[in-house]
Amino acid sequence: MPDTKHDLTTVTRKDLFHLPAGVVYLDGNSLGPLPKSVVARTQAMMSEEWGDLLVRGWNQAEWFTQPGRVGDRIGTLIGAPKGSVVMGDTLSIKVYQALAAALALRPDRKVVLSDSGNFPTDLYMARGLLEMLGQGYELRVVAPEGVESAIGDDVAAVMLTEVDYRTGRKHDMAAITRTAQGAGAIMIWDLAHSAGALPVDLAASGCEFAVGCTYKYLNGGPGAPAFIFVRPDLANVAHPALQGWMGHDAPFSFDLGYSPARGIERMRVGTPPVIQMTGLEEALKVWDGVSMADIRAAAIALMEQFINEVEARCPSLELASPRDPELRGSQVSFRFPHGYAAMQAVIDRGVIGDFRAPDIMRFGFTPLYLDEADVTAAVDVIEDVLSRDLWQDQKYQAKGRVT
Ligand SMILES: *Cc1c(COP(=O)(O)O)cnc(C)c1O
């Protein structure tokens, strides 16, 4: 077990975040909290750049090159070389682009393989693309444990999310990538619950494509742009399915015909969300001087503490996450038949986690702003809600639009 105290002191930087008084935030895996400096930075961007520079901001404030610049910063957190990551759009769109480019690399194969632990939008986007392509394309969805054995020589692309959003189960990225490529398939990894949560080494994995969002562990705020990685040797080959002008080789020559930009820039589509991306660029500064290995060690220590305390004090909760921390991302989930109401009651008492249907109470651990005292305080509340059946109150039964 890692030395908790040592690890935490090297990575905790609570003072950089706006954390409401009385709240223990265990939902940074859904929406990361606000890094304080983002407020002043986005305000300055709006008044000094948008306000004063107006359209000159594209050059003078370097808005145009921001998607690549921010992509490079994120690349350092996921083991991607410079020039292999670009920002834009939402993760759903980036999944579509990566999959379309993968299929174009394997025109003689028709099967896309994914698993039932994937986040639904990834599967929806894949199905939409395959329906559009017609021609016998097929999405094959197997159980997470069955992925490797389902990779046959008819599979064009294997498309997986490394960490399961519900249970936190973590795939072996290097091993699955090897198996996929050994069978001649293209590998696409979704890093939504990995980027900023645990060490990722895209270069070492050798995967062709990766995608992810930035409003979870990367604290970019609601609506922050997504990222896409293309392995450098494919950057000038990858087929852009969404041929927007910002991914054109010369957007300002306004050619009537599309000609893809050289390199990763071809994965840009339209005008980037500059205000939001400026907030993200500022938010990424919280990672300066932090090692992802230290973050991971500290997160594991917090999760072990949480599991031990919950299992000792809340016997009605059943662990839904892998017990071995090496097989888990940076979240811990418990099953409880009345999980929705129980989570509402817990949130009402200042401990914010979330609920995932049908019965999962999910808690994210991000040592940048959480420590052992927070974990104990959170378990105090969970124990109180469960041991006194506080979740039975009528007000905790009605579901909101977003759960
Ligand atoms: C959070 C998440 C998404 C969300 O996609 P958006 O387009 O950003 O809404 C997609 N895929 C996975 C695996 C996720 O965890």
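Of note:
- Each DSSP beta bridge with both residues in the stretch 64-271 is either parallel or antiparallel, and the antiparallel ones are about 40%.
- Residue-wise HN-Hα couplings along the stretch 128-138, as the Karplus relation 6.51 cos²θ - 1.76 cosθ + 1.60 with θ = phi - 60° gives them from phi, are x, 5, 5, 4, 5, 6, x, 6, x, 5, 9 Hz; Gly and Pro carry x.
- Looking at the chain, the accessible area is 41 square angstrom per residue; that uses a 1.4 Å probe and ignores ligands, DNA and RNA.
- Normalised contact order of the chain, rounded percent, pairs of Cα under 8 Å and 6 or more residues apart: 22 percent
- A simple packing score, the average count of other Cβ atoms within 10 Å per residue, orders the peptides 358-368, 300-310 as 358-368, 300-310, with the highest score first.
- Whole-angstrom gap from the stretch 274-348 to the stretch 129-156, using each part's C-alpha centre: 31 Å
- Taking all protein chains together and rolling a 1.4 Å probe, ARG388 ends up with roughly 140 Å² accessible.
- Label-point separation in nm, ASP348 to SER149, each point 7 Å along Cα→Cβ: 4.6 nm
- This model, with +1 at the C-beta of Lys and Arg and -1 at the C-beta of Asp and Glu, gives the stretch 64-271 a dipole about its Cα centre of some 420 debye.
- Extension gain for GLN135-SER291 works out to 51.5 nm (0.36 nm per residue, less the C-alpha to C-alpha distance).
- Summed over qualifying helices (DSSP H, 4 residues or more, each -39500 (n - 2.57)) and divided by its residue number, the chain shows a 222 nm mean residue ellipticity of -10000 deg cm²/dmol.
- Derived scalar couplings between HN and Hα for the stretch 248-257 equal 6, 4, 9, x, 8, 8, 6, 4, 6, x Hz in order, rounded to whole Hz, by the Karplus curve 6.51 cos²θ - 1.76 cosθ + 1.60 (θ = phi - 60°), x for Gly and Pro.
- When peptides 327-335, 280-288, 47-55 are ranked by their average number of other Cβ atoms within 10 Å per residue, the highest-first order is 327-335, 280-288, 47-55.
- Spatially, the stretch 51-116 and the stretch 204-235 are offset by 7 Å when compared through their Cα centroids.
- Peptides 396-402, 236-242, 257-263, 152-158 ordered by average Cβ neighbours within 10 Å, highest first: 152-158, 236-242, 257-263, 396-402
- Comparing MET132, ALA235, SER194 along the charge dipole axis of the chain, the residue lying farthest to the positive side is MET132, per the Cβ-charge model.
- Relative contact order computed over the stretch 64-271 (Cα-Cα under 8 Å; 6+ residues apart), in percent: 25 percent
- Within straight-line cross-link reach of LYS36, aspartates and glutamates at Cα separation under 14 Å, skipping those fewer than 8 residues along the same chain: ASP15, GLU281, GLU282
- Kirkwood Rh (inverse of mean 1/r, distinct Cα pairs), the stretch 64-271, angstrom: 16.9 Å
- Charge dipole of the stretch 64-271 about the Cα centre (unit charges at C-beta), most positive-ward option of ALA185, VAL269, ALA156: VAL269
- Relative to the current alpha-carbon distance between GLU372 and THR12, full extension at 0.36 nm per residue lengthens the span by 128.5 nm.
- Alpha-carbon Debye profile of the stretch 282-354, log10 I(q)/I(0) at 0.12, 0.17, 0.21 Å⁻¹: -0.43, -0.78, -1.01
- Top of ARG323, ARG73, ARG166 by mean-square fluctuation, Gaussian network on the chain, Cα under 10 Å: ARG323
- Model label zone, THR271; criterion: amide N under 20 Å from point 7 Å along Cα-to-beta-carbon; scope the stretch 35-56: 42-56
- Length gained when the stretch SER316-GLN60 is fully extended (0.36 nm per residue, less Cα-Cα span): 86.3 nm
- When the C-alpha to C-alpha distance is required to be over 25 Å, the pairs from LYS170/LYS399; LYS170/LYS216; LYS94/LYS170; LYS82/LYS216 that qualify are LYS170/LYS399.
- If R0 is 30 Å, the Cβ-Cβ spacing of ARG106 and VAL142 corresponds to a FRET efficiency of close to 0.95.
- Estimated FRET transfer efficiency (SER116, ALA204; beta-carbon r; R0 22 Å; 0.05): 0.20
- When the Cα atoms of the chain are aligned to their principal axes, the ranges along those axes come out at 67, 56, 42 Å in descending order.
- Ligands, DNA and RNA left out, the accessible area of the chain computed with a 1.4 Å probe is 55% carbon and sulfur.
The values are calculated or read from the model by the stated rules, or taken from the named source; none is laboratory data. The shown structure was predicted, so the numbers you read here are calculated from the model rather than taken from an experiment. We place every Cβ from the backbone using ideal geometry, glycine too, and count neighbours over all the protein chains shown. The accessibility values were calculated without ligands, DNA or RNA, using every heavy atom of the protein model including side chains. Shrake-Rupley method; radii C 1.70, N 1.55, O 1.52, S 1.80 Å.
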